[in-house]
Amino acid sequence: MIEKQIPMMKTVLCLILLFIAFPCLQLAAAGPENQTMLFKGQTVYVPVYSHIYSGNREKPFLLATTVSIRNTDPNHSITILLADYYDSKGKMIESYLKKSVKLKPLASIRYVVKESDRTGGSGANFIIKWKSDHDVNPPVIESIMIGTQNQQGISFTSRGKVIKW
């Protein structure tokens with residue numbers, strides 16, 4: 001009789017474990033990119049490229065770069081404190097902000113590096129620093145590079161990476 005109850009007890013135990021574990025599995029499956037975390041500020045590294053190389057001779061292909069900062073919080077403003085442009089060697093080329101800029105909920109701002117500006121190089125980057133008086137959804141910070149030469153065009157994007165909270 002006990003031998004007949006063991007499979008049933010195993011089934012019940014498995015079901016109990018599934019009910020306990022299911023919410024954890026659901027969170028793990030969602031991944032960190034789908035979980036909303038709120039912050040009061042961050043420093044973000046944004047890869048950009050003033051040019052990339054093509055062909056065996058590594059011919060530079062010049063690119064225009066747009067850095068886009070989008071406030072994703074529907075209720076609160078954020079303040080952009082810093083938008084600095086660095087070259088491939090880590091030397092600051094230009095500070096794009098003379099004073100802080102407030103972005104209203106769901107607003108965006110952009111900074112452009114002209115296609116003719118080769119100073120950044122293929123390893124250029126922006127450092128963006130932002131803050132808020134409230135816990136907010138972090139902004140989406142991306143760079144968009146585009147270039148056209150000799151009837152050929154290229155475009156691609158890069159996402160910012162948080163380097164300091």
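Descending by average beta-carbon neighbour count within 10 Å, the peptides 59-66, 86-93 line up as 59-66, 86-93, the highest first.
Find how many whole Å separate the alpha carbon centroid of the range 112-165 from the alpha carbon centroid of the range 31-93. Measuring centre to centre over Cα atoms gives 3 Å. Once backbone amide H atoms are built at 1.01 Å from N, S54 has K59, F61 as its partners under 5 Å, excluding neighbours fewer than 5 places away on the same chain. Scalar couplings 3J(HN,Hα) for the range 98-109, obtained by applying the Karplus form with A = 6.51, B = -1.76, C = 1.60 to θ = phi - 60°, are 8, 8, 4, 10, 8, 9, 5, x, 6, 8, 9, 9 Hz; x denotes Gly and Pro. Once the Kirkwood radius over Cα pairs is known for the range 37-164, the Stokes-Einstein relation at 10 °C and 1.306 mPa s delivers a diffusion coefficient of 105 µm²/s. Annotation: amide H-H contacts under 5 Å for Y96 (H modelled 1.01 Å from N, sequence separation of 5 or more, or interchain): A83, D84, Y85.
Report, in debye and to the nearest 20, how large the dipole of the range 37-164 comes out about its Cα centre when Lys and Arg carry +1 and Asp and Glu carry -1 on their Cβ. Don't skip to the answer; put the middle values down first.
On the way: 18 positive and 10 negative charges, 39 e Å.
The calculation lands at about 180 debye.
Our coupling estimate for the range 67-76, obtained by passing each phi through the Karplus curve with A = 6.51, B = -1.76, C = 1.60 and θ = phi - 60°, is 9, 10, 10, 10, 6, 8, 7, x, 10, 10 Hz, Gly and Pro reported as x.
Each value in this text was obtained by applying a stated rule to the coordinates, not by laboratory testing. What you see is a predicted model, and the numbers here were worked out from it, not measured in a lab. Neighbour counts run over all protein chains shown; Cβ positions are idealised from the backbone, glycine included.
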